[in-house]
Amino acid sequence: MNSFQSVPMDDDMEGGNLGPYQERARVFPNMRTKPYTPLIFHLLTRINVRILFVLMLLGFGAIFYIGASTSPVIVFVFSVCIISFLLSIYLTKWVLAKDEGPPEMAQISDAIRDGAEGFFRTQYGTISKMAVLLGLVILSIYLFRSTTPQQESSGLGRSRSAYITVTAFLLGAMCSGIAGYVGMWVSVRANVRVSSAARRSAREALQIAVRAGGFSALVVVGMAVIGIAILYAIFYVWLGVDSPGAMKVTDLPLLLVGYGFGASFVALFAQLGGGIYTKAADVGADLVGKVEQGIPEDDPRNPAVIADLVGDNVGDCAARGADLFESIAAEIISAMILGGTMAQRCKIEDPSGFILFPLVVHSFDLVISSVGIFSIRNKGDLGAIEDPMSILQKGYSVTIILAVLTFGLSTRWMLYTEQAPSAWLNFALCGLVGIMTAYIFVWITKYYTDYKHEPVRTLALSSSTGHGTNIIAGVSLGLESTALPVLVISVAIVSAYWLGHTSGLVDESGTPTGGLFGTAVATMGMLSTAAYVLTMDMFGPIADNAGGIVEMSQQPESVREITDVLDAVGNTTKATTKGFAIGSAALASFLLFSAYMDEVATFANVPFNQVDIAIPEVFVGGLLGSMLIYLFSAWACSAVGRTAQEVVNEVRRQFIERPGIMDYKEKPDYGRCVSIVASASLREMIKPGALAIISPIVVGFVFRVLGYYTGHPLLGAKVVAAMLMFATVSGILMALFLNTAGGAWDNAKKYIETGALGGKGSDSHKAAVTGDTRSFQRHCWTITSCTYQNACNNNPCHGSYLSVSVYSLPKI
C-alpha cells in the first residue's frame, strides 16, 4: 500500500479529524504499521542464498540416506512429498503473479492480512506455551510409569522412551502449527487476486481460488506424511530395529504416537480460538449491520467488517489446516499400529508392507489430487449451464477415479503375502468402500446445503413467514440430515470389517485377524482424496474474502455477482469438507476403540477384550461421555455468544457516536472490533479446551481408585472406554446436525440475496439473516466431533496419554 497515503490516514483516525468520506471512500487503514513475519522465515531470509541451497542439499541428502537405510518404500514417500512441495511452490508463484487490482483492493487486503497474522501470532504463542507445559507433564508420566514387556525386551528404557515421546509430541505440535500458518498465509494473499480476477472472468477467479487452496492442501498433507516418514526412518536407524536384541519393526509405530497427539493438541485450540473468532465477528457484524441498519453484507460502513473477513482466515483456513493435518497424521499412525499388530499375530515374514501402507496411500493422494487441481483450467468465462460447483465436482470425480486405480495398485504392491494370496484384493475392496463412502458423504452434504436443491429452498421459503419459522425449519433440516450419513457409515463399517475378516489372514490358532485392519483400510480409502477435499475447503474462505473486498472497494455490481456465486459455492464446499471429516472420524472410531483396549492391556498386563455397559459404573461412564459433548458444545456456543455481544455493543456504540458513518462522512474504527474479538476468543478458548483434555484423565483416575478398593483393577479403563464410545457416537450425530443446519441457513440467505422471495432488504431476507447468525454452530461441529474426539479418542495414542497414563503409573 502507498505509505504516503496510509500515514496521514492513521493520524487522522487517531485525532478524529477526517475529511468527507466520499473523497476518501476507498482508502483503508492498516491494522499495524509493520507486517509480521514468523521468526523462522525471518532468519531464513537473512541467510545467503548459496549457503541456504547447500544446507538444503545436505538436508535432503541426509533424509534420503536415512530413508535408503530403512526401506525403498520410505525413499518413494520422500520423493513424492518433495515433488509435491516443489509443485506447491509453483502454485504459489502462479497465484502471486496475478495482479492485486486497484489500490483500494490492495489496501483492504493489507488490513485483513495484518489482522489475521496478528491474531495468529498471539494465538499460537499461547498454544506453544501450553504445548511445552503439557510436554513436561508427559515427560513426567513416562519417567515414572512402568515399562511394557516390549520395551523391556528391546532395551528401550523409561528415560529414552520418555524423551522420544516428548520429542515426537513437540514435533507434531510444531508441524501442525506450520500447517495452520500455511493455510492462512495463502488465503490472505489470494483473496485480493481472486477479487481482481472477478473483474475479468468468473472462471479465472475460480481457478485462482482453487490453486491457492491447492497449495495449502499439498503442503498440509505432504507435511503430515513426510513428518511421520522421517520419524519412522530415524527411529529405525537409531534404534537398530530388527537387529538381535533390539526393537521389532512391528512395535516401532508405537513410538510415533506423540507426533499424533501433538498435532491433536494444537488442532484442538486452533479450532476453538479460530471458530470463536470467526463466528463472533460474523454474528456481530450481521445483527447490527444487516438487521438493524439495513446495510449490505461486507459494507465498508460496518465497523466489524474487517474482523469478519479476518475471521474467515483464522477460523476456516488456519484452523482447518491444523485440523486436517491432525486427522491425516492420526489415521496414518493408527493404521500403522494396527497393521504391525496384525502382521505380528499372523507371523508374516515381512511386516513392513502392512506398516508402511498408509504412507504409500497418502503419497498417491498427493499425486492424484494434484491432477484434480490442475484439471480446473481457465477456458473462458462460465457459461449459463456450467456453474462453479459442477466444475469443482468434475475435478473431484477425476480425483476419485484415479484414487480407485492407485489404491488397487498400492494394495497389490504393499499387502500381497504368500500366506493369503488374495488378501490384497479384499483390502482393495475395503479401500473402495471408503472411497465410495467419501463420495456419498460429499453428495449428501451438497444436497442438504446447496441452494440448487430442495432442502435449502424449502428453508428459504420458511423465511417468508418470519424469523421463528426459519429457525424451526433449519433445526428440522439439521436433524433430518443425520439419517443418511449414519446409514452410510453403518454399511461401510460392517462391509469393511467383513471384507477384512474374510481376507484369509489368520493367527496361530486359526482365528481370522483382518477385520479391524479392514476398517482401517476403509478409513484410508475415505481419506485417499484428502488433499483435493482440503482444496475445496480452502476455496470457501478465499471466495468469501474476495466478495468482501469487492464490496468494500465499491466495485461494480457485476463483479459482486460473480463473487456472490463463488461465495455460495464456498459455503457448500466448507460444509462438504466438514461432513467429510466427520465421516472419516466416524469410520475410524470403531478401530480406535480396539486400539485403546490393546494399549490398556499392554500397560496393565491384564487381558482387556470387551466392555460391558450392564455394569453400573461403566454405564455411568457412557452417560458422562454423552453429557460432556453437550457441555462442551454449550461452553463453546456461550463463548461465541459472549464475544458476539461485545462486538454488537461496540458496533452500536460507533453508529451512535459517529452518526456520519451511515452518510459516508466518518470512517468506522475497524481496529477496535478486531482487537475485541481477538482478545475475547483467546480468553474463551481455554475453558472448553481444558474440559476436553482433563475429563478423560479425571474419570479414569477416579474410577481406577474405586476399582482398586473394590477388587476390579480394570474398572477405570472400562469406564473411560464407555465414556469415549458414547462421546464419539453423540459427537458424530451432534456434529452432523450442527454442520448441515449451519451450512443450510447460510445458503438460504444467499439464495434470497440472488433475488428470490423479495431479495436483499426484504422481510424474508431479514429472517434468513437471523437464521444465518445461528450458523455459528457450524464451527461447533469441530468442538463436538473433531475437537473433542481429538482430545479423547481420535488417535489410539490418546489412550496412552489421557487414560492409559493412569494405569501405567505405579500401583496405588
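The values are calculated or read from the model by the stated rules, or taken from the named source; none is laboratory data. Please read these numbers as outputs of a predicted model, since none were measured by experiment. Quick reminder, even Gly has a Cβ in these numbers, built from the backbone with ideal geometry, and neighbours come from all protein chains shown.
Miscellaneous remarks
- Qualifying residue in region 271-288 (condition: within 30 Å of residue 521 (Cβ to Cβ), at pLDDT 80 or above and crowded, with 24+ Cβ neighbours inside 10 Å): yes
- Scanning region 600-632 for residues that are in contact with a Ser or Thr (Cβ under 6 Å, 6 or more places away or on another chain) and modelled with pLDDT under 85 yields 602, 603.
- Conditions (1) out of contact with any Pro (no Cβ under 8 Å at 6 or more places or on another chain); (2) under 30 Å from residue 284 (Cβ atoms); (3) of a type outside the set (Gly, Ala, Ser); (4) touching a residue at least 24 places away in the same chain (Cβ under 8 Å): number failed by residue 683: (4)
- Residue in region 342-352 that is part of a loop (DSSP other than H, G, I, E, B), farther than 30 Å from residue 276 by Cα and either touching a His at 6+ places or on another chain (Cβ under 9 Å) or hydrophobic (A, V, I, L, M, F, W, C) (or both) present: yes
- Condition check for residue 752: modelled with pLDDT under 85, farther than 21 Å from residue 313 by Cα, β-branched (Val, Ile, Thr) and crowded, with 16+ Cβ neighbours inside 10 Å: no
- Test: residue in region 369-389 that is more than 30 Å from residue 336 (Cβ to Cβ), at pLDDT below 90 and not in a loop (DSSP other than H, G, I, E, B): yes
- Any chance residue 527 is within 25 Å of the chain's Cα centre (by Cα) and either of a type outside the set (A, V, I, L, M) or closer than 30 Å to residue 207 by Cα (or both): yes
- Once region 218-253 is narrowed to residues that are farther than 28 Å from residue 86 by Cα and in contact with a Pro (Cβ under 9 Å, 6 or more places away or on another chain), the residue that is surrounded by the fewest Cβ atoms within 10 Å (Cβ to Cβ) is 248.
- Only listed residue being outside any helix (DSSP H, G or I), of a type in the set (S, T, N, Q) and in contact (Cβ under 8 Å) with a residue 12 or more places away in the chain, chosen from 445, 417, 458, 437: 417
- Of all residue pairs spaced 6 or more apart or on separate chains, those with beta-carbon atoms under 6 Å, a first member in region 540-564 that is farther than 17 Å from residue 751 by Cα and charged (D, E, K, R) and a second member that is modelled with pLDDT under 85 and in a loop (DSSP other than H, G, I, E, B) are 551/298.
- Residues being of a type outside the set (Gly, Ala, Ser) and more than 16 Å from residue 746 (Cβ to Cβ) - total across region 468-477: 2
- Condition met for residue 491 (in a helix (DSSP H, G or I) and within 29 Å of the chain's Cα centre (by Cα)): yes
- In summary, residue 499 fulfils each of the numbered conditions (1) in contact with a Ser or Thr (Cβ under 9 Å, 6 or more places away or on another chain); (2) buried (at least 23 other Cβ atoms within 10 Å of the Cβ) with the single exception of condition (1).
- Just one residue in the set 343, 420, 438 is buried (at least 23 other Cβ atoms within 10 Å of the Cβ), at pLDDT below 90, hydrophobic (A, V, I, L, M, F, W, C) and under 22 Å from residue 507 (Cβ atoms); that residue is 343.
- In region 104-137, residue farthest from residue 262 (Cα to Cα) [restricted to those that are among the β-branched types (Val, Ile, Thr) and surrounded by fewer than 22 Cβ atoms within 10 Å (Cβ to Cβ)]: 122
- Residue count for region 222-251, restricted to those that are assigned to a loop (DSSP other than H, G, I, E, B) and without any contact (Cβ under 8 Å) to a residue 24 or more places away in the chain: 5.
- Tallying residues that are in contact (Cβ under 8 Å) with a residue 24 or more places away in the chain and either part of a helix (DSSP H, G or I) or aliphatic (A, V, I, L, M) (or both) within region 494-539 yields 29.
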